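Notes follow once the structure below has been shown.
Rule-based calculations on the coordinates, nothing more; no lab input. What you are looking at is a predicted structure, and each value in this text was computed from that prediction instead of being measured. A quick note on method: Cβ atoms are made from the backbone with ideal geometry, for glycine too, and the neighbour counts reach across all protein chains shown.
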Amino acid sequence: METVHESHVYACINQNPCGSTKEYIIRIPYLNYVSGGVVHADTMAGGYEKNDPDLVRYMVDHFAEAIEWLKTIGVNLTGLSTSGGQSAKRTHTPEDGSAVGGYLVEHLVNALDERGVEITYNTKAVEIIMEDGAVTGVKAESDGEEILLNAKAVVLATGGFGANSEMVCKYIEELEGYVTTNHTGATGDGIIMAEALGADLVDIEQIQIHKI
Ligand SMILES: Cc1cc2nc3c(=O)[nH]c(=O)nc-3n(C[C@H](O)[C@H](O)[C@H](O)COP(=O)(O)OP(=O)(O)OC[C@H]3O[C@@H](n4cnc5c(N)ncnc54)[C@H](O)[C@@H]3O)c2cc1C
């Protein structure tokens with residue numbers, strides 16, 4: 001049995017009627033059963049057991065909350081499928097099984113619009129500003145102009161660095177010449193900006209590659 005939801009039990013049952021194997025998924029609403037054991041084991045195995053088990057445990061114990069929170073902004077991930085490295089159906093998808101990315105982004109943008117959050121496009125953060133030991137905003141560039149954005153808090157969400165080959169090779173020299181399927185913005189800017197403020201990096205050399 002594999003479950004990934006707070007308010008539903010997802011039971012995967014393999015039956016063998018008349019010699020053929022069929023898989024059924026039964027959703028039992030309003031029970032509170034979460035079995036993260038399979039997810040934890042899959043994730044540790046996918047990371048060749050180099051992962052920090054406590055961090056993996058934290059993720060396993062909290063991802064159901066993320067699915068529940070997404071519901072509050074209209075994202076209903078009621079479908080289940082299997083992706084790479086998963087030994088049970090536990091990838092949440094829209095009901096019709098379609099790709100989750102565009103569906104998620106559309107609702108997230110709508111949620112920001114409804115709350116009157118201003119989005120500044122084509123604007124590159126270049127430096128985190130610190131004053132008296134506290135972060136007070138960021139410097140950014142837009143159309144060649146420097147912008148100063150003051151803020152009570154700055155959330156770093158600039159993604160990974162797969163599209164920055166210089167940075168990739170800094171951590172794993174043998175990856176010289178490797179191409180990436182990442183988007184062009186995956187340049188590690190947030191990591192570089194945080195490092196400039198003295199942040200420590202953890203497991204930064206753990207880069208996932210696929211044979212094509
Ligand atoms: C080919 C491929 C397939 C994948 N498939 C799946 C999948 O099926 N399921 C899954 O769960 N995950 C999948 N992933 C992984 C997933 O896409 C990433 O883990 C996820 O997008 C990371 O989210 P993020 O918000 O941290 O970063 P990102 O999605 O990379 O977002 C970071 C954003 O910050 C912007 N940015 C960067 N630097 C700056 C700057 N200086 N100033 C302002 N903005 C900046 C970037 O342009 C980008 O828009 C896939 C990844 C790839 C490459």
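Summing Lys, Arg as +1 and Asp, Glu as -1, what charge do residues with Cβ under 13 Å from the Cβ of Asn122 carry, Asn122 excluded? Walk me through the numbers on the way to the answer.
Numbers: positive: Lys124; negative: Glu141, Asp143, Glu145.
It works out to a net charge of -2.
Pull up all non-local amide H partners of Thr136: gap of 5 or more, or a different chain, and H-to-H distance under 5 Å with H placed in the peptide plane.
So Thr136 has HN proximity to Ile129, Met130, Glu131.
Within the set Lys50/Lys170; Lys50/Lys89; Lys89/Lys170, which residue pairs have Cα atoms separated by over 30 Å? Before the final figure, lay out the partial values.
Numbers: Lys50/Lys170 20 Å; Lys50/Lys89 24 Å; Lys89/Lys170 37 Å.
Pairs exceeding 30 Å: Lys89/Lys170.
So for the range 124-196, averaging the separation of alpha carbon pairs under 8 Å that are six or more residues apart and normalising by length, what relative contact order in percent results?
The value is 26 percent.
For the range 68-212, with only Lys/Arg (+1) and Asp/Glu (-1) charged at the beta-carbon, what is the dipole magnitude about the Cα centre, in debye rounded to 20? Write down the numbers at each step before the final one.
Numbers: 9 positive and 23 negative charges, 140 e Å.
Computed about the Cα centre, the dipole is about 680 debye.
Quickly rank 84-94, 195-205 as a protection proxy: mean count of other C-beta atoms within 10 Å, highest first. Before the final figure, lay out each step's value.
Details: 84-94: 15.6, 195-205: 10.5.
For the peptides 84-94, 195-205, the packing ranking is 84-94, 195-205.
Could you estimate the translational diffusion coefficient of the range 73-207 from the Stokes-Einstein equation, with Rh from the Kirkwood formula over C-alpha pairs, at 20 °C and 1.002 mPa s, in whole µm²/s? If you can, show how the numbers build up before the last one.
Working: Rh = 18.1 Å.
The diffusion coefficient I find is 118 µm²/s.
Which ³J(HN,Hα) values in Hz, rounded to whole numbers, follow from the phi angles of the range 162-179 under the Karplus curve 6.51 cos²θ - 1.76 cosθ + 1.60, where θ = phi - 60° and Gly and Pro get x?
x, 8, 10, 5, 4, 6, 4, 5, 4, 9, 9, 3, 5, 8, 3, x, 5, 9
Beyond 19 Å, what share of the Cα-Cα pairs of the range 124-196 remains, rounded to the nearest whole percent? Write down the numbers at each step before the final one.
Numbers: 1150 of 2628 pairs.
Value for the range 124-196 (Cα pairs over 19 Å): 44 percent.
Over what distance in Å are the Cα centres of the range 93-108 and the range 130-170 separated?
Each part's Cα centre sits 28 Å from the other's.
Tell me which residues come under 5 Å, amide H to amide H, from Leu80 once H is placed; ignore anything under 5 positions away on its chain.
Thr93
Please give the peptides 52-63, 114-125 ranked by average Cβ packing (other Cβ atoms within 10 Å per residue), highest first, as a rough proxy for protection.
Details: 52-63: 13.8, 114-125: 9.7.
Highest-to-lowest ranking by the protection proxy: 52-63, 114-125.
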